[in-house]
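Note sheet for the following structure.
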Amino acid sequence: MRRSQLFVKTRRDAPSDETARNAQLLIRAGYIHKEMAGVYTFLPLGLKVLNNIANIIRKEIDAIGGQEILMPALQIKERYEKTGRWDDKVVDDWFKTWLVNGTELGLGFSHEENLSPLLKNFINSYRDLPIAPYQIQTKFRNELRSKSGLMRGREFLMKDMYSYAISEEQHKAFYEKAKLAYQKIFDRLGIGGQTFLTSASGGSFSKYSHEFQTLSKAGEDTIYLDRKKKIAINKEVFNDEVIKDLDLTRNELEEVRAIEVGNIFNLGTKFSEPFGLKVLDKQGKSVELIMGCYGIGISRVMGTIAELLSDDKGLIWPEAVAPFKIYLARLGDAQDTVRAAEKTYNELTEAGVKVLYDDRRDASAGEMFADADLMGLPLRLVVSQKSLQEGSAELKNRTSESTQLIRLDKLVETIANNQ
């Protein structure tokens, strides 16, 4: 992509009403545009990051047997009345609307009531289980306060998966697979080292649920962390009984702030029983299916990465989620500089390296360098009269800030192997 053709505009200042660091940086760098509190447009750079995160999630969820579907955002009132979740006193963040014929509908915040009736048409016996449909879809929640940028939205992208099993044993086996898959996901996203499995309230279905909490001062949750064992307890269930249950020691736990980037929890038969979702087991007995729910807020993860992996100059994307690997800056309009930059751009692109080529004629070197740092691509490559005198281009690593001269005839090989 050439910068002169890219639908983007960087800015020195974020909107005055935006207080969250993640949103300030993403707006300034041209990744998102704020429409209203908790609602953002994802611009080309931001959508690339969002899609990269989603694709990492897809690969790991597919690997444990997840199957992707896409359900409607519009939800049927009568289904939620069956489970008691249509009542605003039970679910206080509904967005509701009406069809022209007067039918009242909801905008989906979760999809158990949509999926369980659907599966009655596709599951007949224990041989069909376990099954774990998932989707990546926009969710709607009428948050009272949306002051955390992408980390608390009224409209946001989420991966939600629902598992169905014939027995507790089968359910627990899949649940443990999901735990491991989630940790792999956060490792690949570059935040695994700061993300910890956290025991939280299990509601009426089990003693505990499990959250994946990423350490950050911007987090809304308080957790108690054992760094050696890499597990934590959410403040909502923190007591001596839970500490003993998890074989932890109180004086070894550290109180920290964190962002919940994912959660998994047991649902029992709460969303199978109301819809008569039963199958025959090996003995021919009709059994209600046991469910689990597994969520990751994809846009929230994007905001979390922006909070954690950034500095006073701008964003610092891990390569796995960055919209491009290289910010190629061409300094000057001398013919040999233009030829060398164009050749470099074409060769890297042909080699499969994703390059954002700053080919602007009206931008100074300082403006290009400032934009490169703000956008946070992993590498910055500069072609200039000065570098060409040595037959080279200057390569800078955004994370380490280290620079080196790379010979033009070795450039593609060096960058293709650079991690």
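Of 361, 330, which residue is among the basic types (Lys, Arg), in contact (Cβ under 8 Å) with a residue 12 or more places away in the chain and touching a strand residue (DSSP E or B) at 6+ places or on another chain (Cβ under 6 Å)? Full working, then the answer.
Numbers: 361 fails: touching a strand residue (DSSP E or B) at 6+ places or on another chain (Cβ under 6 Å).
Only one candidate qualifies: 330.
For region 194-210, state whether one or more residues are outside any strand (DSSP E or B), surrounded by fewer than 21 Cβ atoms within 10 Å (Cβ to Cβ) and at pLDDT 95 or above.
yes
Here are 69, 56, 32, 61: which of them is under 13 Å from the mean Cα position of the chain (by Cα) and in contact (Cβ under 8 Å) with a residue 60 or more places away in the chain? Quick ask: steps written out before the conclusion?
On the way: 69 fails: under 13 Å from the mean Cα position of the chain (by Cα); 32 fails: under 13 Å from the mean Cα position of the chain (by Cα); 61 fails: under 13 Å from the mean Cα position of the chain (by Cα).
None of the other options fit; the residue is 56.
Scan region 306-341 residue by residue and report those that are among the charged types (D, E, K, R), loosely packed, with under 15 Cβ neighbours inside 10 Å and in a helix (DSSP H, G or I).
Within region 306-341, 336, 339 meet the criteria.
If you take the residues in region 193-210 that are among the aromatic types (Phe, Trp, Tyr) and over 23 Å from the mean Cα position of the chain (by Cα), which one is farthest from residue 180 (Cα to Cα)?
Step one: filter region 193-210 for residues among the aromatic types (Phe, Trp, Tyr), giving 196, 205, 208.
If we keep only those that are over 23 Å from the mean Cα position of the chain (by Cα) as well, we get 205, 208.
Numbers: 205: 21, 208: 17 Å.
Among those that are among the aromatic types (Phe, Trp, Tyr) and over 23 Å from the mean Cα position of the chain (by Cα), it is 205.
Cβ contacts < 6 Å: first residue assigned by TED's automatic domain parsing to the domain that holds residue 162, restricted to region 113-131; second residue in a loop (DSSP other than H, G, I, E, B) and hydroxyl-bearing (Ser, Thr, Tyr), any location; separation 6+ or different chain. Result?
That search, which allows pairs on different chains as well, returns 116/272.
Go through (1) under 27 Å from residue 319 (Cβ atoms); (2) touching a helix residue (DSSP H, G or I) at 6+ places or on another chain (Cβ under 6 Å) and name the single condition residue 130 misses.
So residue 130 meets the others, but not (1).
Test residue 357 against the criterion of being of a type in the set (Ser, Thr, Tyr), assigned to a strand (DSSP E or B) and outside the structural domain of residue 262 (by TED's automatic domain parsing), and give yes or no.
Details: of a type in the set (Ser, Thr, Tyr): yes; assigned to a strand (DSSP E or B): yes; outside the structural domain of residue 262 (by TED's automatic domain parsing): yes.
Considered against the rule, which asks whether it is of a type in the set (Ser, Thr, Tyr), assigned to a strand (DSSP E or B) and outside the structural domain of residue 262 (by TED's automatic domain parsing), residue 357 comes out as yes.
Within region 118-127, is even one residue surrounded by 19 or more Cβ atoms within 10 Å (Cβ to Cβ) and in a strand (DSSP E or B)?
no
What single numbered condition from (1) surrounded by fewer than 19 Cβ atoms within 10 Å (Cβ to Cβ); (2) over 22 Å from residue 32 (Cβ atoms); (3) not small (Gly, Ala, Ser) fails to hold for residue 138?
Single failed check for residue 138: (2).
The values are calculated or read from the model by the stated rules, or taken from the named source; none is laboratory data. Computed from a prediction, not measured in an experiment: that's the story for all the values here. Ideal geometry is used to build each Cβ from the backbone, glycine not excepted, and the neighbour counts take in all protein chains shown.
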